[in-house]
Amino acid sequence: MKILYISATFPRVKEGSTIYTDLAEEIVKEGHLITIVVAEEKRKSSKTFIDRERNLNILRVKTGNVFDVGFIEKGITFLLMPHILKRAIKTHLSDQEFDLILFESPPVTMSSVVNWAMKHFKSPSYLMLKDVFPQNALDLGILKKSHPAYWYFKRKEKKLYDTASLIGTMSKANQDYIIKHNPKIDSNKVKIFPNTKKINLEIEKRKNDFRKMYDIPTNSVLAIYGGNMGKPQGLGFLCEVLESNKYNNAVFFLLVGRGNEKWRVIEFVKDNNITNALILDSLHRDEYEEMLEEADIGLVFLDKRFTIPNFPSRVLSYFEKSIPILAAIDKNTDFGQMLRESRSGDFSLSGDINDFNEKLSLFVENPDLRVKMGQSGYEYLLDNYDVKLSVKLLEKHSSSVL
C-alpha cells in the first residue's frame, strides 16, 4: 500500500519516538510506502518543508502551538490546522497517488482535510481514535453543554466519524462506547486497534544510575509516573497520594512529564514539604526508558469524572520493563480489568485514598509479587501490544475498503 499519514504530531528523531513513529517505521518494514504530513509548531519551525527522517518522507507544516499552551490557543491552532495542512498537501503532494489515508484524533477538526484528501486521491481513510472529544472536555468541566463551543465540536466529532471509512478504537470498552453513543455509524466499520510499541528484545539492565544522579534513596521502592500532567490525569488525587505518603520512607515517587497542570503538582510538593517525591521535565524516550529500568512500580492516574473509557499508552513502557502497575482510574474504563486479567497490576477507583494506599503498601512490602506482576505484564505486551500487530490489523481492516 501507499499510505498518506496526516498527523497532528510526529516527533523528529532527536526528540525521541512515540507509538506513532513506531507504527510508521513498522509499516515501512512490512513493505508499504508511507508519507507523513505533520503539523509543526511555529516555536519549532519558521517554515513548511519536506525532509527525510526515519526512512520516511515527512512534510512538516508550520502551524500554531499545541503543547504547553492554554486551552484557547490550542483550540485556535486545531481550528486552523486543517486549512493549513490542506494547502500544504496541495502544494507539495497533489500529483502523487495514495491507497489509504491514515490519521488520528485528537484533533476532531481533521475531518475536513481528510475528506478533501479522500476525494483528491480517491482513497479510503482509517481513523486511529485516541480521544473522545468533546465528551472528555465535558466530563472534566472544561466545556459545558450550554456553551456554543461544545455543540460546534460535537458537530465536528460527528463529521469525523462520518468521514472515516474505518475507525480503530483502543479497547473493547472504547469500541462499545463509540457504537452506543453514535447509533447512526455502521458498527462494522468500528474496529479494535490498540496502542502498540516497538519492543526492544535486547535490553541490558542497569541499576542505580538515575538514583545516584537524582539522590533517590537506594533502599526505597521507586514508584514512577511518566506522561502527561493535565486535567485528564486527575492530579488532585495524585497530590492526595503524595500527601498521605509524605512520611512513608519505604517509597519514593518520581514524576516525569509535562502538561498544563504540572505546575500545580510542583507547588503542592513544595508547599507541603514533601521530600520523598521528585518532579522532572519530559525526557527523550530512550532516557526515559533507561530510567524505567530502575523503577519498582509504574503509576497510572485517570480523573474519576470520565464517562468515556480511556486506555493510557504509557503502560506499554511499564510492561516492556517488567514493571507492575498500580492505577487510580475511573469506573468506566476497562483498563483496570485488563490489569487484573493479565495479572500485571491492580487498581483503585480514583478518589479512594484508603484503597489505593492499601494496594500501594501491598506492592511495596512484597517484592516477589512485583516481580511476578512485572513478568506477566511483559508477556502480555509481547502477545497483545507489539507494533507488528498494528500493521497486521491495519492490513486486515483496510482490505475491506481498498
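Between K180 and K158, the C-beta separation translates, for a Förster distance of 25 Å, into a calculated FRET efficiency of about 0.95. The GluC sites (Glu not before Pro) of segment 1-106 that meet both conditions, a loop assignment by DSSP and at most 13 other Cβ atoms within 10 Å of the site Cβ, are E30, E97. The dipole here belongs to segment 84-148: it is taken about the Cα centre, uses +1 on the Cβ of Lys and Arg and -1 on the Cβ of Asp and Glu, and is about 300 debye. Between 0 and 90 degrees, the angle of helix 111-121 with respect to the longest Cα principal axis of the chain falls at about 50 degrees. Can you spot the aspartates and glutamates whose alpha carbon is less than 13 Å from K231's alpha carbon? Ignore those fewer than 8 places along the same chain. Cross-link targets: D68, D139, E261, D303. Only one residue of I279, N245, V28 has its Cα farthest out toward the positive end of the dipole of the chain, where Lys and Arg carry +1 and Asp and Glu -1 on Cβ, and that residue is V28.
Subtracting the Cα-Cα distance of K29 and I50 from their residue separation scaled by 0.36 nm leaves 5.4 nm. Dipole magnitude for the chain: about 1760 debye, using +1 per Lys or Arg Cβ and -1 per Asp or Glu Cβ, origin at the Cα centre.
So which chymotrypsin sites (Phe, Trp or Tyr not before Pro) in segment 220-326 end up in coil per DSSP with only 13 or fewer other C-beta atoms within 10 Å? The qualifying sites are Y247. If only the Cβ of Lys and Arg carry +1 and only the Cβ of Asp and Glu carry -1, the dipole of segment 28-185 around its Cα centre is close to 460 debye. Taking 0.36 nm per residue of separation and subtracting the current Cα-Cα distance, fully stretching the chain between N272 and E293 would add 4.6 nm. To the nearest ten degrees, helix 71-93 and the longest principal axis of the Cα atoms of the chain are 40 degrees apart. Between the helical axis of 353-365 and the longest alpha-carbon principal axis of the chain there is an angle of about 70 degrees.
Using 0.36 nm per residue, how much length does the chain from R258 to T307 gain when fully extended, once their Cα-Cα distance is taken away? Contour length minus the Cα-Cα distance gives 15.2 nm.
What whole number of Å gives the distance from the Cα centroid of segment 253-330 to the Cα centroid of segment 168-243? Value for the Cα centre distance between the two parts: 8 Å. Estimated from helices alone, the mean residue ellipticity of the chain at 222 nm is -12500 deg cm²/dmol (sum of -39500 (n - 2.57) over DSSP H runs with n ≥ 4, per residue).
Cross-link pairs exceeding 21 Å in C-alpha to C-alpha distance, out of K14/K130; K130/K392; K74/K130, comprise K14/K130.
If the limit is 28 Å between Cα atoms, which of K44/K144; K158/K388; K144/K331 go over it? Table pairs above 28 Å Cα-Cα are K44/K144; K158/K388.
Taken together, the values in this text are just the output of simple stated rules run on the coordinates, not laboratory data. Because the structure is predicted, anything quoted here is derived from the model rather than measured. Here the Cβ is made from the backbone with ideal geometry for all residues, glycine too, and neighbour counts use every protein chain on show.
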